[in-house]
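Everything on this sheet refers to the single structure shown next.
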Number of protein chains: 2
Amino acid sequence: MTSLTKLTHCLVFFFLVISFPLTLSSPPLHLRSSRNAPRFFSDFSRTTNNTRQFKDSRYRYETRYFEQILDHFSFSDLPTFRQRYLINTEHWVGPGRLGPIFFYCGNEGDIEWFAVNTGFVWEIAPRFGAMIVFPEHRYYGESMPYGSREEAYKNVTTLAHLTSEQALADYAVLITELKRNLSAQACPVVLFGGSYGGMLAAWMRLKYPHIAIGALASSAPVLQFEDIVPPETFYDIVSNDFRRESVNCFNTIKESWNVIASEGEKNYGLSHLTSTFRFCKKLETADDLSNWLSSAYSYLAMGNYPYPSDFLMPMPGNPIKEVCRRIDSCPDGTGILQCIFEGVSVYYNYTGTVNCFNLDDDPHGMTSGWDWQACTEMIMPVASSKNTSMFPAYDYNYTSDEEWCLENFHVKPRPTWITTEFGGHGFNKVLKTFGSNIIFSNGLLDPWSGGSVLEDISDTIVALVTEKGAHHLDLRPATAEDPDWLVEQRTAEVELIKVWLEEYYGKREATFDM
Amino acid sequence: MTSLTKLTHCLVFFFLVISFPLTLSSPPLHLRSSRNAPRFFSDFSRTTNNTRQFKDSRYRYETRYFEQILDHFSFSDLPTFRQRYLINTEHWVGPGRLGPIFFYCGNEGDIEWFAVNTGFVWEIAPRFGAMIVFPEHRYYGESMPYGSREEAYKNVTTLAHLTSEQALADYAVLITELKRNLSAQACPVVLFGGSYGGMLAAWMRLKYPHIAIGALASSAPVLQFEDIVPPETFYDIVSNDFRRESVNCFNTIKESWNVIASEGEKNYGLSHLTSTFRFCKKLETADDLSNWLSSAYSYLAMGNYPYPSDFLMPMPGNPIKEVCRRIDSCPDGTGILQCIFEGVSVYYNYTGTVNCFNLDDDPHGMTSGWDWQACTEMIMPVASSKNTSMFPAYDYNYTSDEEWCLENFHVKPRPTWITTEFGGHGFNKVLKTFGSNIIFSNGLLDPWSGGSVLEDISDTIVALVTEKGAHHLDLRPATAEDPDWLVEQRTAEVELIKVWLEEYYGKREATFDM
């Protein structure tokens, strides 16, 4: 599988359909495609013919299946489905000693992929004598209602129950039944999650405090809804990640969009762009190229780890530094497009093995569950500022997103539902007086960090922020190259989890007979 | 409308189908009908041809309708429905002064009936400069999905969305939209509710702390699930209510069941029972009579108010005292059945205007939404102890309840769902570390009080218990006959609500710029 086809399997926020004002002083900017709006790291295994295995000999687990109710909140006569979960009880000290249960809230993808990329949980569990459970999110991986992915993704009716509330209820029911079967009702549950999984972990701690004693929510943009944070936040952070490496690099990228758009208007311009960027097939529009580049910059920012990684794509450590090094060292007289190509190759072709690139073959098909979630509940406004972003400027336009979702998925988004259900406006205040035992961990290089919680809310709702961290870096396996600040962040997390458990065990003694 | 037909409109816990062991030493006890298991006070207006008006000139409100999503937790392509709500803004000081919103969580019935029976909220709102909102629970009163009650109650598919989680989401969405329309986003919401409405108020405060700052949950048996409290609790309390008035009264009732059962076995026995108890139509079984009596005793316990009331039926103050007075003063030589009849007439015929009584005409029809709720989520185990109950002894038998629900409603109950979703086991401990600002008010004469929270959990989760109170007495309008302990209970409630609001206003100033 080429690096590029891997990329096309990433999930997208479909809903951004943005138009740009035309100005006289510059050539018309391209119309951004909704396919290339920011997205999370996500699932590489969602196509039916995928055979990639997510195995890592360090992580041993048993794969089990649990019969789940499709609709927890209604009594519709619907078929149940098999939810997959991975479980390891090797280090668990058992119910007699109240061994904890470390429960990772599965994201929008194959759970095995998240399991092998969440080394932190595997590494700390033995120290706590903890059981490890990685449940898969409904409608992803093997956890398909209606028997198959094809049937589950057939239409609005079959997809209807792909929502975060139903997923949380799955987890609540699974934990409850698992504990009952193991006579482990009194064992404390600690939640983990990164990105969307981190949002689920935080929300679950808020909505089901009787089920889990605490949550580590890594890179969880729980405030990236409605007008809680400015919609420009995401692209401003990506842009800053480049500017902090080099102002020239930032400016070159910022200038490139108009060059690409102008080139696309010329005779043979698309052919020229196609060959410069080595696409296998001729580009149909210059926008496709711009979107392909935007994606890369966003992913580079999310995966801007201090050591080489192979999470989304094989990348060097500090990959943005490398992109900018290449752009900045572009020989005099080289055209801006060639410089941009050299830079973005750090993302799309770091191994140097790709001969030509492909765009997504099916840009408008309903290719992923996240597309559905982004057109229903997960309406996270994103825009690009004229001044502070290196991306083409555009405003957030909900109306066109809604039209797009109606047209493509026959579903009307509910843009205010997530904040109604989980809070958001005044979140800090509510959490201060009500919540407890949540760690919001973030790295400021991560463009999603701007939509998360970056300041301590109380003694027990804590923000662990690293200046140089990227997207849920803390959850990744420890490496020999881990910088001190990362080691310290993880140590702080372990200490807080210890406090939660000690408090639980202490209180339990005191209130055992309640 | 006669007193009796009013009774037959009450909602029942359908699901109790209980069998009794036969013993040689006593005649076979009757098989209890599921129709006559304990129930809440409930809706008198659920039949389609009901024309009863619930008006009280003391309570002025505007009736409005809000377009609600039928399924908040899925994106099924379902029609919206009109939710009715009553609103009064007469005393509201408005958004500029952060006027509070007093929001009553509508129960399983016509909201106008609850509005006029919840005088407490109307009486205290002006003192707080509060707006009053009484939303109607979905599938009750006028708030019918699918255009009509007939359509909404057609089958499992149309009834599917009658659940407590959907009702809470309705309230959350309604509050959010109402505030948005009034630019009142910063105005604090205080929840109120009695009985099932009290459960909703408590659960809403736990699940939606960002929406409401506190809840007064009156007579809310949030712990009456699974094995959290003994299933004998309800009937033990009813029985104690009688025994505390008179041991003879208690014993007479306890003996009466066998007498009734024996009589039913005799030739002409049913005719004799029919005439003794003045039924309009001949009894078909002795059990029907026993259930009719059991109902009365349970309602007498719930409505055992210190002053005359007309909530369910016209009754004197301290009605159980009056029942026992009649039973105890039964002339020597009068048969036990005649004595029982004299006693129960306090409930069924206090005004003396009823010539003959009717049983429910349609004992197995799906006549109410509560029947559905009791066969789906609201699985509240009830049993009757051989020793401590004055009712015929029986064990709780979930299996037969499930069979009954499958057979009659084609729906399988989820008996562990409510505690999974809202907590229950270790409720106190969870609330102590997590919840705040809930008043659980109860009167110990109320048989539902045993399933509620009767001890303070923390400084802000408070149990206000009166020894002589009955079912959500505190929410009723003030009367000249209110005993001191009731006045004090209400004063304490007002004081706590004041504290919540002051804390909110104080915190708001401190964190206004968050």
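The values are calculated or read from the model by the stated rules, or taken from the named source; none is laboratory data. Every value quoted in this text rests on a predicted model; they were computed, and no experiment measured them. All Cβ positions, glycine included, derive from the backbone under ideal geometry; neighbour counts span all protein chains shown. Ligands, DNA and RNA are excluded from the accessible area calculation, which covers all protein heavy atoms including side chains. Shrake-Rupley method; radii C 1.70, N 1.55, O 1.52, S 1.80 Å.
Please report, as a whole percent, how much of the solvent-accessible surface of chain B comes from carbon and sulfur atoms (probe radius 1.4 Å).
In chain B, the share of accessible area belonging to carbon and sulfur is 50 percent.
Between helix A:247-265 and chain A there is an angle of about 60 degrees, using the helix long axis and the longest principal axis of the Cα atoms. The residue B:353 and residue A:183 beta-carbon pair, evaluated with R₀ = 35 Å, returns a calculated FRET efficiency of approximately 0.05.
Ranked highest first by average number of other Cβ atoms within 10 Å, how do A:478-489, A:382-393 line up? Could the numbers behind the result be given before it?
Details: A:478-489: 13.7, A:382-393: 19.0.
Peptide ranking by packing, descending: A:382-393, A:478-489.
Dipole magnitude for the stretch B:219-270: computed about the Cα centre from +1 point charges on Lys and Arg Cβ and -1 point charges on Asp and Glu Cβ, it is near 220 debye. The charge dipole of the protein assembly as shown, taken about the Cα centre with unit charges on the Cβ atoms of Lys, Arg (+1) and Asp, Glu (-1), comes to about 40 debye, rounded to the nearest 20.
Suppose all protein chains stay in the model; what accessible area per residue would a 1.4 Å probe give for chain A, in Å²? Before the final figure, lay out the partial values.
Working: 18210 Å² over 514 residues.
Result: 35 Å² per residue.
For the chain pair A and B, the buried solvent-accessible surface (1.4 Å probe, both sides summed) amounts to about 4400 Å².
In the stretch A:372-418, burial by the other protein chains removes 50 Å² or more of 1.4 Å probe accessible surface, compared with the chain on its own, from A:414, A:417.
Dipole magnitude of chain A about its Cα centre, charges +1 at Lys/Arg Cβ and -1 at Asp/Glu Cβ only, in debye to the nearest 20? Walk me through the numbers on the way to the answer.
Values: 42 positive and 62 negative charges, 124 e Å.
That gives chain A a dipole magnitude of about 600 debye.
The value obtained for the stretch B:373-429, namely the Cα convex hull volume divided by the number of residues, is 109 Å³ per residue.
Set Lys and Arg Cβ to +1 and Asp and Glu Cβ to -1, take the dipole of the stretch B:273-377 about its Cα centre, and tell me which of B:337, B:286, B:359 lies farthest positive. The listed residue farthest towards the positive side: B:337.
Which of rounded, prolate or oblate describes the stretch B:397-514 when judged by the alpha-carbon gyration tensor and an a/c cut-off of 1.5? Please report the intermediate quantities before stating the final value.
Numbers: a/c = 2.54, a/b = 1.40, b/c = 1.82.
Because a/c hits 1.5 or more and a/b fails to exceed b/c, the stretch B:397-514 counts as oblate.
Dividing the helix sum by the residues of chain B, where each DSSP H run of 4 or more adds -39500 (n - 2.57), gives a mean residue ellipticity at 222 nm of -11500 deg cm²/dmol. Protection proxy ranking for B:85-91, A:229-235, using the average of other Cβ atoms within 10 Å per residue and placing the highest first: A:229-235, B:85-91.
Counting DSSP beta bridges in the stretch A:88-226, what percent are antiparallel, to the nearest 5? Intermediate results must be reported in sequence, preceding the final value.
On the way: 1 of 13 bridges.
For the stretch A:88-226, the DSSP antiparallel bridge percentage is about 10.
The mean sequence distance of close C-alpha pairs (under 8 Å, at least 6 residues apart), as a share of the length of chain B, puts its relative contact order at 19 percent. In chain B, the beta-carbon sitting nearest the axis that superposes B on A belongs to the residue given here with its distance in angstrom, B:73, 2. For peptide A:165-171, the mean count of partner chain Cβ atoms within 10 Å of a residue's Cβ comes to 2. Seen against the Cα atoms of chain B and their longest principal axis, helix B:319-328 is set at about 10 degrees. Treating each Cα of the stretch A:233-310 as an identical point scatterer and summing with the Debye formula, the log10 of I(q)/I(0) at q = 0.12, 0.17, 0.22, 0.26 Å⁻¹ comes to -0.41, -0.75, -1.03, -1.18.
Ignore the peptide's own chain and count Cβ atoms of other chains within 10 Å of each Cβ in A:424-432; give me the average, rounded. Walk me through the intermediate numbers first.
Details: counts 1, 4, 6, 2, 2, 8, 5, 2, 3.
The mean count of partner-chain Cβ atoms within 10 Å per residue comes to 4.
Here is the P(r) of chain A: all C-alpha pair distances, binned every 10 Å from 0, give 4, 19, 30, 27, 14, 5, 1, 0, 0 in whole percents.
Normalised by the number of residues in the stretch B:85-132, the average gap of Cα pairs under 8 Å and 6 or more apart makes the relative contact order 61 percent. Over the stretch B:245-390, all Cα pairs binned in 5 Å intervals from 0 give whole-percent P(r) values of 2, 8, 17, 20, 20, 18, 11, 4, 1, 0, listed from short to long.
Taking Rh as the Kirkwood radius, which is the inverse of the mean 1/r over Cα pairs, what is the Rg/Rh value for the stretch A:61-213?
Numbers: Rg = 15.0 Å, Rh = 15.6 Å.
Ratio value, two decimals: 0.96.
Using the Cβ-Cβ distance between residue A:399 and residue A:285 with R0 set to 25 Å, the FRET efficiency from 1/(1 + (r/R0)^6) comes to roughly 0.60.
What is the helix-to-structure angle for B:398-409, meaning the angle in degrees between its Cα long axis and the longest Cα principal axis of chain B, kept from 0 to 90 and rounded to the nearest 10? Between helix and principal axis, roughly 80 degrees. A loss of 10 Å² or more of accessible area (1.4 Å probe, protein heavy atoms, ligands and nucleic acids excluded) relative to the isolated chain is seen in these residues of the stretch B:67-88: B:69, B:71, B:72, B:73, B:74, B:75, B:76, B:77. Between the beta carbons of residue B:494 and residue B:142, assuming R0 = 25 Å, the FRET efficiency works out to 0.20 to the nearest 0.05. A simple rule links phi to the HN-Hα coupling: the Karplus curve 6.51 cos²θ - 1.76 cosθ + 1.60 with θ = phi - 60°, which for the stretch B:436-446 gives 6, 6, 10, 9, 9, 9, 8, x, 6, 6, 6 Hz, with x for Gly and Pro. Pairs of alpha-carbon atoms within less than 8 angstrom and 6+ residues apart define the contacts here; what relative contact order does the stretch A:175-279 have, in percent? Averaging sequence separation for qualifying contacts and normalising by length gives 17 percent for the stretch A:175-279.
For the stretch B:50-123, the fraction of C-alpha pairs more than 18 angstrom apart is 53%.
Derived scalar couplings between HN and Hα for the stretch B:270-283 equal 5, 5, 5, 4, 4, 6, 4, 9, 6, 7, 5, 10, 4, 4 Hz in order, rounded to whole Hz, by the Karplus curve 6.51 cos²θ - 1.76 cosθ + 1.60 (θ = phi - 60°), x for Gly and Pro. Once you divide the Cα radius of gyration of the stretch A:327-472 by 2.2 N^0.38 Å, the number left is 1.39.
Please compute, over every Cα-Cα pair in the protein assembly as shown, the percentage with a separation greater than 55 angstrom.
Values: 119677 of 527878 pairs.
So the portion of pairs separated by more than 55 Å is 23 percent.
Taking packing as the residue-averaged number of other Cβ atoms within 10 angstrom, the listed peptides A:262-268, B:108-114 run from highest to lowest as B:108-114, A:262-268.
Taking 0.36 nm per intervening residue step and subtracting the Cα-Cα distance, what contour gain separates residue A:77 from residue A:247 on full extension? Let's see the in-between values first.
Details: separation 170, 0.36 × 170 = 61.20 nm, distance 5.94 nm.
Net length gain for the segment: 55.3 nm.
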